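The values are calculated or read from the model by the stated rules, or taken from the named source; none is laboratory data. What you see is a predicted model, and the numbers here were worked out from it, not measured in a lab. Because the Cβ atoms are built from the backbone with ideal geometry, glycine has one as well, and the counts that use them run over all protein chains shown. Just the protein is used for accessible areas: all its heavy atoms, side chains included, with ligands, DNA and RNA removed. Shrake-Rupley method; radii C 1.70, N 1.55, O 1.52, S 1.80 Å.
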Amino acid sequence: MRRPLVAGNWKMHGSRETVTQLVQSLLQSEVVGVDRVVFPSLIHLSSVVDAVSGQFSVGAQVCASQQEFGAFTGEVAAQQLADLGCQFVLVGHSERRQLFAETDAVVAQKFMAALQAGLIPVLCLGETLAERESEQTEQVVLRQLAAVLDVGGVSAIAKSVLAYEPVWAIGTGLTATPEQAQAVHKILREALAKKDAQVAELVRIVYGGSVKAASAAELFAMPDIDGGLVGGASLNAQEFAAICRAAEQ
Ligand code: PGA
């Protein structure tokens, strides 16, 4: 049985005041049997780690690709995130791939740096609208997965969470239908099963892309969807709590 995971990606949002308020509201909701993770901006990580005192996990939205400390101005090492109390880190989010030119190779390096530091990487995979329309979805997500498998093998994937996030559904209000999402999650799980059936069975694959309380239950009811990676809706504590409750069922 895979334990559901619901993650909130706060992206570049929030001030010290609004982040404190959001955390306080989130702490009021009780959810059983679901792992909850929040991904604040780097500068808010420390205060959020202190405030959630173990009730939630905390992750970073980025980390450096280098495994060792060094002269990399502006970067934050995975080891530094772990030292701060983070447990997770997003890698390969489509905004990083598209707006900050992170290639499959860089994503794989970041994934390995995260593992090396003892963090759980959440590997984001997904196709653009043009790729979906030209029937390249499967090819794209399998290429993105292979970039990590080639470097770390299936044992590395076993220590991670996968997030299928169709680019056309992120921040657009267009959610993939449960059937569309399930089809891709199944493709990913079958690809892993070819390498190691047990890993394929155990690894969590969450869905992201305009998840809302209203759409969460149907998505999470799908056999290969193990929770969600939530952007916009995670900035509202009530909405996020409702999404977490949908994962309980
Ligand atoms: P969204 O973002 O829920 O606002 O579409 C999801 C994500 O980018 O992880």
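Write out, first by first residue and then by second, each pair whose Cβ atoms fall under 8 Å of each other, whose residues are 6+ apart or on separate chains, and whose first residue, in the stretch 202-220, is within 24 Å of S155 (Cα to Cα) and touching a residue at least 40 places away in the same chain (Cβ under 8 Å) while the second is more than 8 Å from the ligand (Cβ to nearest atom) and acidic (D, E). As it stands, the answer is R204/D226; I205/D224; I205/D226; V206/D226, since those pairs meet every condition given. Is it the case that some residue within the stretch 139-159 is under 18 Å from I120 (Cα atoms), in contact (Cβ under 8 Å) with a residue 60 or more places away in the chain and touching a Leu at 6+ places or on another chain (Cβ under 8 Å)? Checked against the condition, which is being under 18 Å from I120 (Cα atoms), in contact (Cβ under 8 Å) with a residue 60 or more places away in the chain and touching a Leu at 6+ places or on another chain (Cβ under 8 Å), the stretch 139-159 yields no hits at all.
Being aliphatic (A, V, I, L, M), surrounded by fewer than 21 Cβ atoms within 10 Å (Cβ to Cβ) and more than 18 Å from V203 (Cβ to Cβ): is that true of A156 here? In short, no.
Only one of the numbered conditions (1) in contact with a Pro (Cβ under 8 Å, 6 or more places away or on another chain); (2) within 20 Å of L90 (Cα to Cα); (3) away from the ligand (no atom under 11 Å from the Cβ) is not met by G209, and that is (3).
Filtering the stretch 86-121 to residues that are in contact (Cβ under 8 Å) with a residue 40 or more places away in the chain, open to solvent by less than 60 Å² (accessible area, probe 1.4 Å) and assigned to a loop (DSSP other than H, G, I, E, B) leaves C86, G92, H93, A117, L119.
Within the option set G33, G54, being part of a loop (DSSP other than H, G, I, E, B), in contact (Cβ under 8 Å) with a residue 40 or more places away in the chain and surrounded by fewer than 22 Cβ atoms within 10 Å (Cβ to Cβ) holds for one residue only, G33.
Residues in the stretch 165-205 that are among the charged types (D, E, K, R), part of a loop (DSSP other than H, G, I, E, B) and away from the ligand (no atom under 16 Å from the Cβ): 1 in all.
When residues of the stretch 211-221 are filtered for being open to solvent by less than 40 Å² (accessible area, probe 1.4 Å) and within 17 Å of R3 (Cα to Cα), how many remain? If you could, list the steps in order and put the result at the bottom.
We begin by selecting, within the stretch 211-221, every residue open to solvent by less than 40 Å² (accessible area, probe 1.4 Å); these are 211, 213, 215-216, 219-220.
With within 17 Å of R3 (Cα to Cα) added as a condition, the list becomes 216, 219-220.
The total comes to 3.
Restricting the stretch 222-245 to residues that are within 14 Å of A7 (Cβ to Cβ) and in a loop (DSSP other than H, G, I, E, B), the residue that is nearest to the ligand (Cβ to nearest atom) is G231. Pull up the stretch 13-27, narrow it to residues that are surrounded by 15 or more Cβ atoms within 10 Å (Cβ to Cβ) and hydrophobic (A, V, I, L, M, F, W, C), then point me to the one that is nearest to E239 (Cα to Cα). It comes out as L26. None of V151, V161 is within 18 Å of the chain's Cα centre (by Cα) and of a type in the set (V, I, T) except V161.
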